Structures are given as structure tokens and as C-alpha cells.
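Asker: Sending over a structure as C-alpha cells; questions will come in a sec.
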Amino acid sequence: MSSTKFEIPDHELPTLTRSNVTIPPNLDAKQIAQSWYTTFSTAITSQDIQTITNLLLPDSFWRDFLSLTWDFRTFRGHSKISQFLTDQLPIMDMQNIKLKDDYLGLQQPYPDIAWINTLFDFETKVGLGSGIIRLVPTASGPNGHLEWKAHVVFTNLENLKGHPEQIGPLRNHLPNHGKWEQDLLIASEFENTNPQVLIIGAGQSGLDVAARLKAIGVSALIVEKNQRIGDSWRNRYEALCLHDPVWYDHMPYMPFPSTWPTYSPALKLANWLEYYAEALELPVWTSSEITSSVQDKDNKWHVTIKRGKDGKERKLVVNHLVFATGIAGGSYRPFEYPGLDTFQGKYIHSSQHNRALDHAGKKVVVVGACTSAHDIAQDYYEHGIDVTMVQRGPTYIMSVKNGWDVLFKGLYEENGPPVDIADRFNASFPHFMSIEVAQRQVKQIAELDKFRALLLDPCFSAN
């Protein structure tokens, strides 16, 4: 069977060794950042492309999330960044760049890597934005002296002008005497009107998008094929539990309470999603499916929906369709193995598995070695059922504790920055840097896991 292999181009990290520099003691990171930003702000405002690129490393990155391109783009190197700025600055008119003191400082994620991390705010013709810049030391100054240049510039759209989020002091201050339930029902039915946006799928992403749109006054409807919100988690195997921690999973406007466990059981998360939609009053049509969608010459979507158990048809005309259907919830590929037709036992796909006790007294083989396979095998093992895992090739495995500490320490953790700030930091790293970063992280996690194994079992051998 042929397959397509996607490769991420490698990019060397801006190490001190490669730059042939050392970090001087008593470095004044704030003064360096302020000096750099003064030149940067003036050049951006005057649209002086040459001066802007002179402030960047030759092989630097500019990542833009919607603020200057209305898209998610990454530009690498002076030539592409110059063209991007030449095209977009006259259109978007980036102004009022203000350096922020929050999280400003020298960071050394590894002994041979150092950068000054900075945050800033800015405006364009249409919106308010935030940005992150990482300045790295170079020997490109006069007589080889230290000069700081940007390795990464990240710009992100935060709000549209004239459409602020209706939160905090902008929330609805009018009392509602006895009409709330009726008004909510009418708003959810869209009997005599159309939503501006139709969202397919009421999982985390679909609910996130609907919540954000509602906060800026854009009407949106979610269509969900399951009977209840959260069924995409509720209908999985009993032992399912999230492997990423609570700090990584917060949703807009209603974070998980401080009593929430670090790792969410699937059923608990399913119930939370249902409660989230109710608390934020998000219109969701469950047990509903889209049967057709056609875009007309005016870019309007004409959508037919089979709604509810009775299958009643509703036709809507919307400006936008958002697919929030997940990445791994489709039907599985049928599997064939020699001798399977004569096998006397039962065989199922992991999506059909419910709980280990359904097979008490049996011998079980789990084919595969990724997340579901390990969850299911562990479930059998903990219930005293004979289980064997079969894998075709090597699988990278790390402990949750050491893995998360290495991957996201300082971001998604107890007493870490707000999740929206952590998300920005995370998004600002170009994918091109991921190969060397991942190689370092794998070695670091392996050493920690090896040490942990020695503590748990003195007979453990690293060989």
C-alpha cells in the first residue's frame, strides 16, 4: 500500500555556539528590549521594510495568526518576510506598538540557548493584536560586539474593532423578569431567522468557537449528530481518561474549577461539556445531521438539516460553515488477517470496546501500541485478565509526569500563566524548530524516566 510521507524541514536552533557568543553577567534584558522595540516600532509605523528586516536574523520567522494576513501563516527568511510586510503593512496599517513588562526577561531553556522573551500589543485598521518576539544574541554588532536580533516574531489578532467581547463590564446589566427561558428557547430554534455561522460538531472545538462568536455578537448554531453533548467522550471505553492535564484543557469564559482532577475521566469531561453549553446558553441541535450543503454565487451556504429523532427537515442559509468534527472519530478501516475467518473467538476494533470485565476469564490480545491500546491493555491487566500486546514496530513511550514537566513546564502547570497567554507562547514557536527541540526533549525525558525507574525498582537495568 502506498503512503504519503510528510516531512517538516529541519531548522537549526539559534544556539550560543552557532552564534559564537556568550551571555554577559548582569544583563539588562529590559533595556535591550526597549532599545530594540523603539527602532522596531518606528520602522513598522513608517513601513520601513529594510530597517525591520535588519532587526531580524537572516533565517528568522514571522508567524501571523489572522492579524495581518487574515490567515495562519509562517514566513521564513528576510526575502519572504520582506515581501509579506511589503504586501500587508499598507493594507493593515500596523500602529501603536507597545512593549509589555509582563513575562519580559532572559530565558535559557538549555545551557546553550538564550533569548529575551518579550510581549507587545498593537493595532491595525480592523483589530487589536498581541505579539511575542524572541531576541537572540549575535556577534553582528560593531567590531563583533553583541547585538540582539529577533529570531521569532509572532503577531496574533485578539479583537475586532467595534466588536468587543461582551464580558466583564460589558456584560448584560438588564434584569430579566420571567422571560429568560422563553427567550432562550426562541433564540435556539431559529424559526424566523438564520444563524450567521453553522458549526458542525459540539465537541470542545465546536463549543469554543460558538462561545467566542456569541461573545462578540455573532449568532451561531451547532449541529451535533449524537443524542447528547459530550457523547463523543461518553460513548468511549469505560477506562478512558485524558492524558493531558487540566491546565491544558481550559475553555473560554469558564475554566475548570480548582478542585478538578489533573487528568479528566472521559465521562466527567462529557458531562462538563454538556454543562458548559447550558451555562453559556449555546444553541445546539442534538440528534441532527447535515444532509446537504451548497454554496451559491454570493458565497452563502444553503444547508439542509435532518433534525431530531423524527427526522424533521430544516433549511438554513448561513454565511459560514465551521467543521469541528475532530480528527479521529470516523469509521475504522476493516482489518484482515490470515486465519481470521476460522477464528473461534471474538474480535473487535478499539472503538467498539466498552470495558475489560466484558471479557472476564478470557485471554485477550491487543493489536497495536498507541494510546487506546495501552489504555485497554491496562484495563484488562488491572482486572486480572490475561492480556498480551502485539506491536509491529517500536513506539515512543514516556511517563506522563516527566513528559509534561519537560514539554510544557512554565506554561501549562499549577500557578502557570493564564491559559490564553500559555497558548500564545506555544503557538509562537515555528514548526520548523520542532525537530531539534523534540530530539532534546526526548533525551531529557528518557533520562528522567530512567532515574524514576531506578528509584521504583533498584533491579532495573538501563541496558
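Asker: Only one of (1) under 27 Å from the mean Cα position of the chain (by Cα); (2) loosely packed, with under 14 Cβ neighbours inside 10 Å is not met by Val294, so which one is it?
Answerer: Looking at each condition in turn, Val294 falls short on (1).
Asker: Look at Ala328 and say whether it is at pLDDT below 85, of a type in the set (A, V, I, L, M) and closer than 26 Å to Asn235 by Cβ.
Answerer: Numbers: at pLDDT below 85: yes; of a type in the set (A, V, I, L, M): yes; closer than 26 Å to Asn235 by Cβ: yes.
When the stated conditions are applied, Ala328 passes them.
Asker: Still on this structure: Out of Val318, Val322, I need the residue that is in contact with a Pro (Cβ under 8 Å, 6 or more places away or on another chain), modelled with pLDDT of 95 or more and of a type outside the set (Gly, Ala, Ser). Which one?
Answerer: Working: Val322 fails: in contact with a Pro (Cβ under 8 Å, 6 or more places away or on another chain).
Of Val318, Val322, the one residue that is in contact with a Pro (Cβ under 8 Å, 6 or more places away or on another chain), modelled with pLDDT of 95 or more and of a type outside the set (Gly, Ala, Ser) is Val318.
Asker: Right, here's the next one. Among Asp208, Asp183, which is at pLDDT below 95, assigned to a helix (DSSP H, G or I) and charged (D, E, K, R)? Explain how you work it out, then say what you get.
Answerer: Values: Asp208 fails: at pLDDT below 95.
Sole residue among the options that is at pLDDT below 95, assigned to a helix (DSSP H, G or I) and charged (D, E, K, R): Asp183.
Asker: Could you please give the count of residues in the stretch 186-205 that are crowded, with 20+ Cβ neighbours inside 10 Å and at pLDDT below 95?
Answerer: Number of matching residues: 0.
Asker: Now, a different point. Among Asp208, Asp231, which is touching an Asp or Glu at 6+ places or on another chain (Cβ under 9 Å), acidic (Asp, Glu) and closer than 30 Å to Gln352 by Cβ? Before the answer, list the steps.
Answerer: Values: Asp208 fails: touching an Asp or Glu at 6+ places or on another chain (Cβ under 9 Å).
Going through Asp208, Asp231 in turn, the sole match is Asp231.
Asker: Hey, can you tell me all the residues within the stretch 229-238 that are of a type in the set (Asp, Glu) and assigned to a loop (DSSP other than H, G, I, E, B)? Show your work before the answer.
Answerer: Filtering the stretch 229-238 for residues of a type in the set (Asp, Glu) gives 231, 238.
Passing the criteria: only Glu238.
Asker: Additional query: Given the condition assigned to a strand (DSSP E or B), of a type in the set (A, V, I, L, M, F, W, C), out of contact with any Phe, Trp or Tyr (no Cβ under 7 Å at 6 or more places or on another chain) and at pLDDT 95 or above, answer yes or no: does some residue in the stretch 239-256 qualify? It would help to see each step written out before you state the result.
Answerer: Restricting attention to the stretch 239-256, the residues satisfying the condition of being assigned to a strand (DSSP E or B) are 241.
With the extra rule that they be of a type in the set (A, V, I, L, M, F, W, C), the set shrinks to 241.
Filter again for out of contact with any Phe, Trp or Tyr (no Cβ under 7 Å at 6 or more places or on another chain), leaving none.
So far as the stretch 239-256 goes, no, none of its residues is assigned to a strand (DSSP E or B), of a type in the set (A, V, I, L, M, F, W, C), out of contact with any Phe, Trp or Tyr (no Cβ under 7 Å at 6 or more places or on another chain) and at pLDDT 95 or above.
Asker: Something else now. Given the structure, is Val197 under 22 Å from Val317 (Cα atoms) and touching a helix residue (DSSP H, G or I) at 6+ places or on another chain (Cβ under 7 Å)?
Answerer: Numbers: under 22 Å from Val317 (Cα atoms): yes; touching a helix residue (DSSP H, G or I) at 6+ places or on another chain (Cβ under 7 Å): yes.
Answer is yes for this residue.
Asker: Residues that are surrounded by 11 or more Cβ atoms within 10 Å (Cβ to Cβ), within 28 Å of the chain's Cα centre (by Cα) and in contact (Cβ under 8 Å) with a residue 60 or more places away in the chain: does the stretch 302-317 have at least one?
Answerer: No; the residues of the stretch 302-317 include none that is surrounded by 11 or more Cβ atoms within 10 Å (Cβ to Cβ), within 28 Å of the chain's Cα centre (by Cα) and in contact (Cβ under 8 Å) with a residue 60 or more places away in the chain.
Asker: A follow-up question, please. Quick check on my filter: what residues within the stretch 87-118 are surrounded by fewer than 18 Cβ atoms within 10 Å (Cβ to Cβ) and more than 17 Å from Leu27 (Cα to Cα)?
Answerer: Asp87, Pro90, Ile91, Asp93, Gln95, Asn96, Lys98, Lys100, Asp102, Tyr110
The values are calculated or read from the model by the stated rules, or taken from the named source; none is laboratory data. None of the values given here were measured: they were computed from a predicted structure. Note that we place each Cβ from the backbone using ideal geometry, even for glycine, and neighbour counts take in every protein chain shown.
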